[in-house]
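The values are calculated or read from the model by the stated rules, or taken from the named source; none is laboratory data. Predicted model, so just to flag it, every value in this text is computed and none were measured. All Cβ positions, glycine included, derive from the backbone under ideal geometry; neighbour counts span all protein chains shown. Quick note on the areas: whole protein, heavy atoms, side chains included, nothing else; ligands and nucleic acids left out. Shrake-Rupley method; radii C 1.70, N 1.55, O 1.52, S 1.80 Å.
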Amino acid sequence: MMSIDGLHRFLVEFQKEDKATREDAQKIVDSVKHFHRKGLNLEGFFKYLFADINPPLASLGVHHDMNAPLSHYFIHTGHNSYLTGNQLSSDCSDVPIINALKRGVRVIELDIWPNSTKDDVDVLHGRTLTTPVELIKCLTSIKEYAFVASEYPVVITLEDHLTPDLQAKVAEMVTQTFGDILFSPGSECLKEFPSPESLKGRIIISTKPPKEYLEAKEVKENENDPERVKASDEEAWGKEVPDLLKDDYKNDLGEEDEEDLDDDGDKSQHALAPEYKRLIAIHAGKPKGGLEECLRVDPDKVRRLSMSEQQLEKAAITHGKEIVRFTQRNILRVYPRGTRFDSSNYNPLIGWMHGAQMVAFNMQGYGRSLWLMHGMFKANGGCGYLKKPDFLLNPNKVFDPNVKL
């Protein structure tokens, strides 16, 4: 027989239900019908173990250490969070954003473009048939639903296609919408990311610091020359991995790398919207040069780097350890390749095993990868932040994902 006291001890010591009382133990005994009132025999104990009263995943609430820098956590991340369906022709709306936030997603991505009359800002998937939604509507919904599922910070990643005057307008909208809950450390890059604990209830903006619009546009036009893209890309990133290629390579670079143009051009600084630059807490950008340059760790500042799923697969073959080292201090965001028109997703494990914090998923999609993502972030009370395992964070012995263990 297991007595009531024995069962109580089992709940506390083995089931880790710290708050369980002797009364809870009695309830369990009572619920396992037609067994002894004073305790459980073996058959009764097994009946309890397999009953609904003992779910396979106990909700321990938030139990990870939340005081480390943001770069020490996997973060529940959405991709093109405003799309209601496919990537080419679905409506843009704030509804999928609300649904994602209710689910505990902590990173919302918005692509911002001038509206048709060039005097306001829309959110849409550029150069596709998606119908736009006003930026202000998305921001208002984010404010309303940001902390329904979790009190930990929400990051808004902006893919910015605006002129400086519209950037200034965005700065005003963001400031007015979020007010005091906006975390903006000023125009300088952070030396280290703050912790999720210290940022509870805050909204964080992440994008590349703005540049002169024309310069960005000029680079964009060069990027649109597929031959040129392919050559420069192979120099920087190495040859494509076999079987990943098919004919979608052209798209892989086209869509989102514009977010990652180099952000150090001095001559461009005169056209900035300074109030917009001050809002950016997590600076994004892809430095000029090859992979080594992209993964260089700067001891004086931290940043965010974006790679497509294919770029990560290529980089992982030759630079696995360097990626892990980079993600100990900096944030790596991985996004679906441009040809996933149906809003499907990829295997998130390659990003996670290299320490990538923001493995961005089409949350309006479907399928096994998305189930894996939902399951992963059920942990830690569903708060959207999971502490990375220590072996990914050890600076003295950097984990090599390619080693057979």
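Some observations on this one:
- Residues of region 116-125 classified as open to solvent by less than 30 Å² (accessible area, probe 1.4 Å), touching a helix residue (DSSP H, G or I) at 6+ places or on another chain (Cβ under 9 Å) and of a type outside the set (A, V, I, L, M, F, W, C), total: 1
- Checked against (1) in contact (Cβ under 8 Å) with a residue 40 or more places away in the chain; (2) under 30 Å from L60 (Cα atoms); (3) in a helix (DSSP H, G or I); (4) of a type in the set (A, V, I, L, M), V359 passes all but condition (3).
- If you go through region 341-353 and pick out every residue that is open to solvent by less than 50 Å² (accessible area, probe 1.4 Å) and farther than 12 Å from Y73 by Cα, you end up with 7.
- Residue list for region 1-42, filter: within 13 Å of I53 (Cα to Cα), hydrophobic (A, V, I, L, M, F, W, C) and more than 42 Å from the chain's Cα centre (by Cα): V29, V32
Results for (1) assigned to a loop (DSSP other than H, G, I, E, B); (2) hydroxyl-bearing (S, T, Y); (3) surrounded by fewer than 18 Cβ atoms within 10 Å (Cβ to Cβ); (4) more than 18 Å from the chain's Cα centre (by Cα), shown as yes or no for each residue.
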position	(1), (2), (3), (4)
W113	no, no, no, yes
K137	no, no, yes, yes
S141	no, yes, no, yes
T175	no, yes, yes, yes
K191	yes, no, yes, yes
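- Scanning region 374-391 for residues that are more than 14 Å from M353 (Cα to Cα) and either of a type in the set (A, V, I, L, M) or not in a loop (DSSP other than H, G, I, E, B) (or both) yields H374, G375, A379, N380, G381, G382, Y385.
- Among the candidates F50, F147, residue that is open to solvent by 70 Å² or more (accessible area, probe 1.4 Å) and among the aromatic types (F, W, Y): F50
- The one condition from (1) crowded, with 20+ Cβ neighbours inside 10 Å; (2) over 16 Å from V398 (Cα atoms) that N330 does not meet is (2).
- Among the residues making up region 53-106, those that are among the hydroxyl-bearing types (S, T, Y) and exposed (fewer than 14 other Cβ atoms within 10 Å of the Cβ) are S59, S89.
- Filtering L370, L386 for residues that are open to solvent by less than 30 Å² (accessible area, probe 1.4 Å) and touching a helix residue (DSSP H, G or I) at 6+ places or on another chain (Cβ under 8 Å) leaves a single hit, L386.
- All of (1) in a loop (DSSP other than H, G, I, E, B); (2) open to solvent by 10 Å² or more (accessible area, probe 1.4 Å); (3) touching a Leu at 6+ places or on another chain (Cβ under 6 Å) hold for V302 with one exception: (2).
- In region 16-35, the residue that is modelled with the lowest pLDDT out of those that are assigned to a loop (DSSP other than H, G, I, E, B) and surrounded by 13 or more Cβ atoms within 10 Å (Cβ to Cβ) is F35.
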